[in-house]
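Engineer: I'd like to ask you about the structure that follows.
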Amino acid sequence: MKKTLILLLFLMIFLLANNSYAQEVFKIGSPLPLTGAGAAFGEKFKKAYQMAIDEINSKGGLNGKKLELVMEDTQAKPTLAVTAAKKLMESDKVIALVGGWSSGVALAVAPFANENKIPYLLDHPALDDITRKGYGYVFRLQPTTGMYGAALESFLLKQVYPKEKKKLKVAYLYVDNAFGQGVAKYGILAFLDKNKDKFDLVIKEAYDEKALDYKPLILKVKSANPDIIILTSYLTDGILLAKQFKELGITAKIISGTGAGHSMQDIYEKSGGAVEGYFTSGPWHGNINDPKWKEWRKKWEAKYGYIPGEHEVEGYVAIYVLAEALKSVKAKDVNSQRQQLRDALSKIDMKTIFGRIKFENFDGYTNQNKAYSLTSLSQWQKGKLLQVWPKEIAEAQPKY
């Protein structure tokens, strides 16, 4: 009897301590690729989330509670991502999920989050279909895949085509997965089809991300002699493509990626500078004329030692969006907290260093930020990725 009482006492202390701790923090869960091919991206978001959380906690947190980041490794695999999300929700009792990096992961996690009524904020997974399912608990702040090419499309129509004054041949290569197919279907191919009088699509190929040799594909591109080459690639495949482009002497007036691997510093360094002069179109890094953005970029470079891109600003802003919504969360139990957070996110309308964030229902989208204008075209110039279009946010002049 004495032993039973002691055990019960310890159990009560444990439960009280756990309950007290739960009330002291808001846990934010993130299913990220911490190992595997997407680990470099996972590390970028980890840094961005933690930087924002540290800043918020240093100022006292929210409603007397600190923020805590809880991560689970997905290896960028959808099945593992759902398992990770389930653990974060059930075992770690996170109030919300954020990120995931890849569209394939988010496409798997979104229905799970919606079914279990836990808010899921997307900061980079961009496949259009994710916010076209009517999910009430899934929110996205960044441009969709169909919006990624907006800055490149503007540049080609307003700058390149008027200068060349002729119909331009285009080769388009894209990774054969949810992300690549989304950029192709909702973005690049739709744009080229709409502007057939100005652009001639001479090569359209979906390729295997894990292929060890792209030379046969590249030789097809070379024989077509395109004026413009557009690539939708991740990091490893983007590096190999760049190296083999250089090896086989591929030249074009414009070679451009569409975010993802082409916006990472690693692609420049690990390709031996083969991407020098390449463009990439995708979510913008921020408004360089905004003093707050300049201040943030300076802090980032001082802390991490490199120039941040769209991944970093997306992740950083995602935490601040959640933080703003969390100010309205007063409930004690986690299920009620999730519901209050969901309701608060639906009312968000805030200015950030990424741009305006307001979740709306439009053109078949649900809880999607109208982020068409939050894209930019950047170019690798002397080892730095600099925004070059639109003109009002350009850090340098485009070279081609």
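Values quoted throughout were computed directly from the atomic coordinates according to the rules given, and no laboratory measurement underlies them. Computed from a prediction, not measured in an experiment: that's the story for all the values here. All Cβ positions, glycine included, derive from the backbone under ideal geometry; neighbour counts span all protein chains shown.
Engineer: Tell me the angle of helix 291-304 to the major Cα principal axis of the chain, expressed in degrees between 0 and 90 and rounded to the nearest ten.
Structural biologist: Between the helix axis and the principal axis of the chain, the angle is about 80 degrees.
Engineer: Same structure again: May I ask you to list the lysines whose Cα is less than 18 Å away from that of LYS215, ignoring any residue fewer than eight positions away on the same chain?
Structural biologist: Once the sequence-local lysines are set aside, what remains near LYS215 is LYS204, LYS243, LYS246.
Engineer: Using a cut-off of 16 Å between alpha-carbon atoms, which aspartates and glutamates can reach LYS59, once sequence neighbours fewer than 8 places away in the same chain are excluded?
Structural biologist: GLU24, GLU68, GLU324
Engineer: What net charge is computed for the residues neighbouring PRO125, neighbours being all others with C-beta under 15 Å from the C-beta of PRO125, Lys and Arg scored +1, Asp and Glu -1? Before the final figure, lay out each step's value.
Structural biologist: Values: positive: LYS44, LYS77, ARG132, LYS133, ARG140; negative: ASP123, ASP128, ASP129, GLU310, GLU314.
Here the count lands on 0.
Engineer: Which value, in debye to the nearest 20, describes the size of the charge dipole of the chain about its Cα centre when Lys and Arg Cβ atoms bear +1, Asp and Glu Cβ atoms bear -1, and nothing else is charged?
Structural biologist: Dipole about the Cα centre, nearest 20: 500 debye.
Engineer: Could you tell me which of rounded, prolate or oblate describes segment 113-234, using a ≥ b ≥ c as the square roots of the eigenvalues of the alpha-carbon gyration tensor, with rounded for a/c under 1.5 and, failing that, prolate when a/b is larger than b/c and oblate otherwise?
Structural biologist: Values: a/c = 3.18, a/b = 1.65, b/c = 1.92.
Cα axes put segment 113-234 in the oblate bin.
Engineer: Related question: Determine the dipole magnitude for segment 173-302: charges of +1 sit on the beta-carbon of Lys and Arg, -1 on that of Asp and Glu, nothing else is charged, the reference point is the Cα centre, and the result goes in debye to the nearest 20.
Structural biologist: On the way: 18 positive and 17 negative charges, 55 e Å.
Here the size comes out at about 260 debye.
Engineer: Among the listed pairs LYS165/LYS253; LYS299/LYS358; LYS87/LYS210; LYS158/LYS384; LYS93/LYS303, which have their C-alpha atoms separated by more than 21 angstrom in this model? Provide the component values of the computation, followed by the final result.
Structural biologist: Working: LYS165/LYS253 13 Å; LYS299/LYS358 26 Å; LYS87/LYS210 29 Å; LYS158/LYS384 24 Å; LYS93/LYS303 30 Å.
Table pairs above 21 Å Cα-Cα are LYS299/LYS358; LYS87/LYS210; LYS158/LYS384; LYS93/LYS303.
Engineer: Residue by residue, what Karplus-based ³J(HN,Hα) values in Hz, rounded to whole numbers, does segment 190-197 have, using 6.51, -1.76 and 1.60 with θ = phi - 60° and x for Gly and Pro?
Structural biologist: Computed from phi, the couplings for segment 190-197 are 5, 5, 5, 5, 5, 10, 4, 6 Hz.
Engineer: Could you please rank VAL334, VAL275, VAL160, VAL221, placing first whichever residue has the fewest other Cβ atoms within 10 Å of its Cβ?
Structural biologist: Numbers: VAL334 16, VAL275 29, VAL160 19, VAL221 22.
Exposure proxy ranking, most exposed first: VAL334, VAL160, VAL221, VAL275.
Engineer: Can you classify the chain as rounded, prolate or oblate using the Cα gyration tensor, where a ≥ b ≥ c are the square roots of its eigenvalues, rounded means a/c under 1.5, and otherwise it's prolate if a/b beats b/c and oblate if not? Walk me through the numbers before you get to the answer.
Structural biologist: Details: a/c = 2.14, a/b = 1.97, b/c = 1.08.
Verdict is prolate for the chain.
Engineer: Moving on. Shape call for segment 40-85 from the C-alpha gyration tensor, a ≥ b ≥ c root eigenvalues: rounded (a/c under 1.5), prolate (a/b greater than b/c) or oblate? Please report the intermediate quantities before stating the final value.
Structural biologist: Working: a/c = 5.45, a/b = 1.99, b/c = 2.74.
Oblate, since a/c reaches 1.5 and b/c is not below a/b.
Engineer: Kindly put PHE41, PHE191, PHE354 in sequence by how many other C-beta atoms sit within 10 Å of each C-beta, fewest to most.
Structural biologist: On the way: PHE41 24, PHE191 19, PHE354 28.
Going from least to most buried by this count: PHE191, PHE41, PHE354.
Engineer: Quick one: of LYS194/LYS382; LYS46/LYS194; LYS292/LYS347, which pairs are farther than 31 Å apart, Cα to Cα?
Structural biologist: Details: LYS194/LYS382 34 Å; LYS46/LYS194 39 Å; LYS292/LYS347 23 Å.
Violating the 31 Å Cα-Cα cut-off are LYS194/LYS382; LYS46/LYS194.
Engineer: Antiparallel DSSP bridges in the chain: what percent, to the nearest 5?
Structural biologist: Working: 17 of 52 bridges.
Around 35 percent of the beta bridges assigned by DSSP in the chain are antiparallel ones.
Engineer: Using the alpha-carbon atoms, what tilt in degrees (0 to 90, nearest 10) does helix 235-247 show relative to the longest principal axis of the chain?
Structural biologist: Taking the Cα atoms of the chain, the angle to 235-247 is about 20 degrees.
Engineer: Work from the charge dipole of the chain (Cβ charges, +1 for Lys and Arg, -1 for Asp and Glu, about the Cα centre) and give the residue of ASN177, LEU80, THR144 farthest towards its positive end.
Structural biologist: THR144
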